[in-house]
């Protein structure tokens, strides 16, 4: 299936290039004013929401970006709790590695951040 998607994306890129028409101007003139723009785009593992406030000097005065990872945080934590309870017999190194894998299942883009996990067991 990936091969078909790759072929389609190459053909679509060539079509866009072939049908490109240069605009009259590279941008649209606009007077800066206090305003807010919002949007959402599809991202790997979810929707990326963003909002920007712009002031009369055309500076971004506030920005809020909500990536899929933060939207999935509650589910990630709940899944980790369940996973640890079910696999508590694993040695520390293996349990930590598998917890990091569970985090990557939600968002492969944070793989470099998933080596933060420091596993500590309380014996009660």
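The values are calculated or read from the model by the stated rules, or taken from the named source; none is laboratory data. Owing to the predicted nature of the structure, the values given are computational and were not obtained by experimental measurement. With ideal geometry, Cβ positions are generated from the backbone for all residues, glycine too; neighbour counts draw on all protein chains shown.
Among the candidates 45, 36, which residue alone is farther than 30 Å from residue 96 by Cα, surrounded by 10 or more Cβ atoms within 10 Å (Cβ to Cβ) and either touching a helix residue (DSSP H, G or I) at 6+ places or on another chain (Cβ under 6 Å) or without any contact (Cβ under 8 Å) to a residue 24 or more places away in the chain (or both)? Break it down into steps so the answer makes sense when it comes.
On the way: 45 fails: farther than 30 Å from residue 96 by Cα.
Only one candidate qualifies: 36.
Hey, could you check segment 109-124 for residues that are surrounded by 10 or more Cβ atoms within 10 Å (Cβ to Cβ) and closer than 17 Å to residue 44 by Cβ and say which is modelled with the highest pLDDT? Walk me through how you get there before you give the answer.
Pass one, segment 109-124, residues surrounded by 10 or more Cβ atoms within 10 Å (Cβ to Cβ): 109-111, 113-115, 117, 119.
Still in the list and also closer than 17 Å to residue 44 by Cβ: 109-111, 113-114.
Numbers: 109: 66, 110: 63, 111: 56, 113: 54, 114: 50.
Here the answer is 109.
For every residue, the table says whether it meets (1) more than 30 Å from residue 105 (Cβ to Cβ); (2) within 23 Å of the chain's Cα centre (by Cα).
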residue	(1), (2)
17	yes, no
22	yes, no
58	yes, no
68	no, yes
77	no, yes
82	no, no
86	no, no
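Kindly list the number of the only condition in (1) over 27 Å from residue 46 (Cα atoms); (2) surrounded by 10 or more Cβ atoms within 10 Å (Cβ to Cβ) that fails for residue 59.
Answer for residue 59: the failing condition is (2).
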